[in-house]
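The values are calculated or read from the model by the stated rules, or taken from the named source; none is laboratory data. Model, not experiment: these values are computed from the prediction. When we count neighbours, we look across all protein chains shown, and the Cβ atoms used for this are built from the backbone with ideal geometry, even at glycine. Ligands, DNA and RNA are excluded from the accessible area calculation, which covers all protein heavy atoms including side chains. Shrake-Rupley method; radii C 1.70, N 1.55, O 1.52, S 1.80 Å.
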Amino acid sequence: MPVVQFQAQQSQLRVNTIYCIGRNYAEHAKELNNPVPTKPMVFLKPNAAIETENQTVKLPKESNDVHHEVELVLLIGKKGTSIHRDQAWEYISGVGIGIDFTARDIQQKAKDKGHPWTLAKGFDTFAPVSEFIPISKIDTAKSFDLKFWVNNELKQHGTTSDMIFSVPELVEYISGFSTIHEGDLIFTGTPEGVGKVSSGDSLKASLNNGLTELTLRVE
Ligand code: MG
């Protein structure tokens, strides 16, 4: 089973369900000509998409347009159902930064037909994540800063204060439908600036200016 690195336990933690949120930043919804949602838009990735060992992302032959989406990723620490937003942070054990890689051409075809996005979002290596930082080291009242570079050029820079639905609102919403468990991840959506990656690119993502980082090479 795929695992992630968790600084609190100085060990690996098995990944359970991977929840993702679409269109959680208004400027990103606009750049893809999508409407801004009135409720969180939730989808899943297969946990085979987790990549923590080789620090590479593999471009699938089925797509000619794989996009980066840098996102704050939440690590769930305990089981919970119908969690109120005021208690949401108690269920989060760590935070990290990850990339929701998306085969935009495959996704567009699925959207046109009203089909699920799963295959566009679910290729192997399409959910790389950094080491997770324990929530005890975080001031959860403050927003998070997200940065993403391709070949040392800054492509995305956002703050979670621009999220349409906040972290507590997302935990409340998801857990209202489905019990969350230790080892679940929540990708919380991407700010604007998404774009294509190409073979040979060097990628870097940083949460809060180096609190935790992710570096990747595109194969
Ligand atoms: Mg995304």
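Once a ≥ b ≥ c are taken as the square roots of the eigenvalues of the Cα gyration tensor of segment 3-218, is the result rounded (a/c under 1.5), prolate (a/b larger than b/c) or oblate (a/b not larger than b/c)? Because its axes are fairly even, with a/c under 1.5, segment 3-218 counts as rounded. Given R0 = 35 Å, the distance between the Cβ atoms of Arg14 and Ser199 translates into a calculated FRET efficiency of 0.70. Between the alpha-carbon centres of segment 1-43 and segment 105-171 there is a gap of 5 Å. Can you work out the base-10 log of I(q)/I(0) for segment 1-127 at q = 0.12, 0.13, 0.14, 0.21 1/Å, using the Debye formula on its C-alpha atoms alone? Relative scattering, expressed as log10 I(q)/I(0), comes to -0.52, -0.61, -0.70, -1.39. Averaged over residues, the count of other Cβ atoms within 10 Å places the peptides 128-140, 161-173 in the sequence 161-173, 128-140, highest first.
Size descriptors for segment 67-126, from the alpha-carbon set: Rg then Dmax equal 15.3, 39 Å. The lysine pair tally for segment 1-121, using Cα distances under 15 Å and a gap of 8 or more places or different chains, is 5. Solvent exposure of the chain, expressed per residue, is 46 Å² of accessible area, with all protein chains present and a 1.4 angstrom probe.
Would segment 104-219 count as rounded, prolate or oblate if I go by the C-alpha gyration tensor, calling it rounded below 1.5 in a/c and otherwise prolate when a/b exceeds b/c, oblate otherwise? Verdict is oblate for segment 104-219. For segment 3-218, the residue among Ala29, Ala48, Ser206 whose Cα projects farthest onto the positive side of the dipole built from Cβ charges is Ala48.
Ranking of Arg104, Arg14 by solvent-accessible surface, largest first: Arg14, Arg104 (1.4 Å probe, protein heavy atoms only, all chains present).
The DSSP beta bridges internal to the chain are antiparallel in roughly 85% of cases. Surface composition of segment 3-218: carbon plus sulfur atoms hold 46% of the accessible area, using a 1.4 angstrom probe and ignoring ligands, DNA and RNA.
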